[in-house]
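Student: One structure coming up, written as structure tokens, with questions to follow.
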Amino acid sequence: MSASATPSPSSVPAVPALTQVQRLAFTFTAPSRTMADISRSASWWLPWIVISIVSLLLAFAIGSKVTWKSVVENLIDQNPKMADTLAKMPAQQRALTTTVYTIAYKGAMYASPALNLLYYVIIAGILLGLFNFGFGAELKFGRAFAITIYSSLVSGIKALLVIILLFAGMDPASFNLRNPIASNLASFLPPDANRALYAVASTFDVFVLWMLFLMAVGISRNSKVKTRTAFIAIFLLYFVVIGGLGALGAA
């Protein structure tokens, strides 16, 4: 047999590098390609810009179609414990508290581009700890950070849907900032459902599961951890921490 029958490493064509725009598009159509390309370059600025723009558009849509005062009033109405606490306050103190909440929620939404970066740092650090210490993945922080931001692009899809629904005539009185569209199990529970059950059910969200899957693909393409193992580990961590905290907060 000729020695040339076995191709040399130099004869194997290299996978072409993706542009930033291609990585953005492939996040939704071929996520494994985007996540594999992160091992070449951990650049994250474009998805962050896209998410930031959509977040600001959502803040504008909420302010113009719902108003931030109504957002806070809806949140109070949907939380019996908070409503009861405010009802016991003197009128002046109640009005001041509502104003503070209104300013806080509005400010947080418009500051989301910066706040999101802090959120991504925390999530990337959690992924780093989980997979490096739990699975010996030898994942680098820069890659974990980029994986987190690219995975978070699905939040932009959800925000766009909310924007469309708001301008299409969504009832402002029924708007729930914490659960604006029927994308999770909590959306199908009755209004008087147990709040701990509601908090746990809200963790089973289509967009959250999509994001966790993208994170798992990213971990698997940048380490030796398999996609299924990564998804199970991330999902269990998310469910225990977020679901558990939500249930405790609602108790």
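FYI, it's all coordinate maths here, none of it is from the lab. As the structure is a prediction and not an experimental result, all values here were calculated from the model. Virtual Cβ from ideal backbone geometry, glycine too; neighbours counted across all protein chains shown.
Student: Give me the Kirkwood hydrodynamic radius of the range 33-157, using the inverse of the mean 1/r over all pairs of distinct Cα atoms, in Å to one decimal.
Tutor: Values: mean 1/r = 0.0586 Å⁻¹.
One over the average 1/r among Cα pairs gives 17.1 Å for the range 33-157.
Student: Next question. Using 0.36 nm per residue of separation minus the Cα-Cα distance, give me the extension gain between ALA168 and LEU237 in nm, one decimal. Please list the in-between numbers first.
Tutor: Working: separation 69, 0.36 × 69 = 24.84 nm, distance 3.66 nm.
Result: 21.2 nm gained on full extension.
Student: Answer with a single label: of (1) 12.6; (2) 15.4; (3) 16.9, which was calculated as mean projected area of the Cα convex hull in nm² from the structure in view?
Tutor: (3)
Student: Next question, about the same structure. For the range 154-237, what D do you get in µm² per second when you plug the Kirkwood radius from alpha-carbon pairs into Stokes-Einstein at 4 °C and 1.567 mPa s? Walk me through the numbers on the way to the answer.
Tutor: Numbers: Rh = 14.5 Å.
Once the numbers are plugged in, D ends up at 89 µm²/s.
Student: Output wanted: per-residue J couplings in Hz (rounded whole) for the range 18-23, from phi through Karplus 6.51 cos²θ - 1.76 cosθ + 1.60, θ = phi - 60°, x for Gly and Pro.
Tutor: 8, 6, 4, 5, 4, 4
Student: What ³J(HN,Hα) values, in whole Hz, does the Karplus curve 6.51 cos²θ - 1.76 cosθ + 1.60 give for the range 37-45 when θ = phi - 60°, with x put for Gly and Pro?
Tutor: Values per residue, Gly and Pro as x: 6, 5, 5, 7, 8, 8, 4, 9, 5 Hz.
Student: Measure off 7 Å from each Cα along the Cα-to-Cβ vector at VAL206 and LEU161, then give the distance between these two points in nanometres to one decimal.
Tutor: 0.4
Student: Another question, then. I'd like the Karplus ³J(HN,Hα) series for the range 209-221: coefficients 6.51, -1.76, 1.60, θ = phi - 60°, whole numbers in Hz, and an x wherever there's a Gly or Pro.
Tutor: Couplings: 4, 4, 5, 5, 5, 4, 4, 5, 4, x, 4, 5, 7 Hz.
Student: With respect to the cross-link table entries LYS140/LYS226; LYS106/LYS158; LYS106/LYS140; LYS140/LYS224; LYS81/LYS106, which display a Cα-Cα separation exceeding 24 Å? Write down the numbers at each step before the final one.
Tutor: Working: LYS140/LYS226 17 Å; LYS106/LYS158 19 Å; LYS106/LYS140 35 Å; LYS140/LYS224 13 Å; LYS81/LYS106 22 Å.
Cα-Cα > 24 Å for LYS106/LYS140; rest within.
Student: With a sphere of radius 13 Å drawn around the Cβ of ALA36, what net charge do the other residues whose Cβ falls strictly inside it have (Lys, Arg +1; Asp, Glu -1)? List each step's numbers first, then the result.
Tutor: Working: positive: ARG23, ARG33, ARG40, ARG143, ARG221; negative: ASP37.
Once positives and negatives cancel, what remains is +4.
Student: Please give, to one decimal in nm, the separation of the simple spin-label points placed at TRP45 and ALA83, each 7 Å out from Cα toward the Cβ.
Tutor: If labels sit at TRP45 and ALA83, their model points lie 4.8 nm apart.
Student: For the chain, what is the calculated [θ] at 222 nm in deg cm²/dmol (nearest 500), taking -39500 (n - 2.57) for each run of four or more DSSP H residues and dividing by its residue count?
Tutor: Details: 13 runs with 171 residues, N = 251.
Calculated mean residue ellipticity at 222 nm is -21500 deg cm²/dmol.
Student: Looking at the square roots a ≥ b ≥ c of the eigenvalues of the Cα gyration tensor of the range 141-203, which shape do they give, rounded for a/c under 1.5, prolate if a/b is larger than b/c, or oblate? Present the calculation step by step, with values, prior to reporting the outcome.
Tutor: Details: a/c = 3.66, a/b = 1.41, b/c = 2.59.
Oblate shape, in that a/c is at least 1.5 and b/c is the bigger or equal ratio.
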